[in-house]
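Read the structure below first, then the notes.
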Amino acid sequence: MRATLMYAAGDVRVEDVPDPSIVEPTDAIIRVTSACVCGSDLWPYADLEPTETGRPMGHEAIGLVEDVGAEVRTVKPGDLVVMPFAFSDGTCAFCHEGLHTACVHGGFFDGLATGAAQAEAVRVPLADGTLYALPVGEDDALMPSLLTLSDVLGTGHHAAVVAGVKAGDSVAVVGDGAVGLCGVIAAKRLGAEQIIIMGRHPDRIALAQEFGATDVVGERGDEGIARVRELTGGYGVQSVLECVGTERAMDTSMGIVRAGGAVGRVGVPHYEAIKGAQQMFYDNVTVAGGPAPTRAYIGELLPDVLEGRIDPGRVFDRTVDLDGVSEGYRAMNDREALKVLIRP
Ligand SMILES: [Zn+2]
């Protein structure tokens, strides 16, 4: 089969690799019908040390089950399934608590042991706990939106959940990438009254406003903080959705959260420490978040997608086949594309 491999920063190739096969009796093989490039794939695209074997890429997919191991019970060949970016058994203490990304038998589709999703097929460990069968056909018009259940919609939702968003709240979303835009959807879905998007790409801001953002702050740093405080009577927001992962984004988040509020962070942190321990303490500020247990959220979010109440698939603004994946990375890295859908 053909699969995407990253050999070094900026060096993405699609090559022939061995077809995946059942290794454990709990595995499934899915033929990928839709995958995508993630904002987090841009981190190695910027700084991956050269590797001779190449790193298989991709952790978001919808596909058709092609084969299952002897112990798989909940999905069968022919099922259309969504694959969360982490695999999990669905049975351990953490899975029962809804934190599938901490599953004691789980892990991430990091590409090394498990294969990866920007490919014609992928091996999915712990298929019963991981995969979610979709009640639609593979040509359904909702496919882009359904694909966001794999990562970005669930991740934006997680930011809102851990930041404690509830009806009537003021919320700020730091970052106008696909996760931030899904954070806007999530905040509105949970009833937030004021949703401030912090970003400066005009097309993304326009989409954020269509998704429910009520205010836009394009300024950064101290200016951005001052502007958010102005918009919230000087207090700051009750919930901050930090959807970037840089030190500046975290500094901004800590600068705009009000006393008693919370910062929900879902951007992979590229900083050593969170500043502002004194302020966190005296203002009773909560900082929460981490890798989203998107598997836990599919059941809750799916009906809103199927019934058209939310349309997160609009974050995809470019579609490529496998031959176009390398160009897709470049376009996302250069901020020409917001999020790239791959149809292998
Ligand atoms: Zn588990």
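The values are calculated or read from the model by the stated rules, or taken from the named source; none is laboratory data. Being a predicted model, the structure only gives us computed values, none of them experimental. In this analysis, Cβ positions are derived from the backbone assuming ideal geometry, glycine residues included, and neighbour counts consider all displayed protein chains. All accessible areas refer to the heavy atoms of the entire protein, side chains included, with ligands and DNA or RNA removed. Shrake-Rupley method; radii C 1.70, N 1.55, O 1.52, S 1.80 Å.
Please specify each residue of region 17-46 satisfying the condition of being out of contact with any strand residue (DSSP E or B) (no Cβ under 6 Å at 6 or more places or on another chain) and either part of a strand (DSSP E or B) or surrounded by 22 or more Cβ atoms within 10 Å (Cβ to Cβ) (or both). Those that are out of contact with any strand residue (DSSP E or B) (no Cβ under 6 Å at 6 or more places or on another chain) and either part of a strand (DSSP E or B) or surrounded by 22 or more Cβ atoms within 10 Å (Cβ to Cβ) (or both): THR26, CYS38, GLY39, ASP41.
Which is within 16 Å of the ligand (Cβ to nearest atom) and open to solvent by 10 Å² or more (accessible area, probe 1.4 Å), of GLU120, GLU49, GLU97? Outline the logic, then answer.
Numbers: GLU120 fails: within 16 Å of the ligand (Cβ to nearest atom); GLU49 fails: within 16 Å of the ligand (Cβ to nearest atom).
Testing whether each residue is within 16 Å of the ligand (Cβ to nearest atom) and open to solvent by 10 Å² or more (accessible area, probe 1.4 Å) leaves just GLU97.
The residue that is farthest from the ligand (Cβ to nearest atom), counting only those in region 123-147 that are at pLDDT 95 or above and charged (D, E, K, R), is ARG123. Taken together, ASP304, ASP251 contain a single residue that is at pLDDT 95 or above, open to solvent by less than 60 Å² (accessible area, probe 1.4 Å), more than 30 Å from GLY90 (Cα to Cα) and assigned to a helix (DSSP H, G or I), which is ASP251. Checked against (1) within 16 Å of the ligand (Cβ to nearest atom); (2) open to solvent by 30 Å² or more (accessible area, probe 1.4 Å); (3) in contact with a strand residue (DSSP E or B) (Cβ under 8 Å, 6 or more places away or on another chain), PHE87 meets all criteria but (2).
Residues in region 206-225 that are under 21 Å from ASP169 (Cβ atoms) and either open to solvent by 20 Å² or more (accessible area, probe 1.4 Å) or in a helix (DSSP H, G or I) (or both): ALA208, GLN209, GLU210, PHE211, THR214, ASP215, VAL216, GLY224, ILE225.
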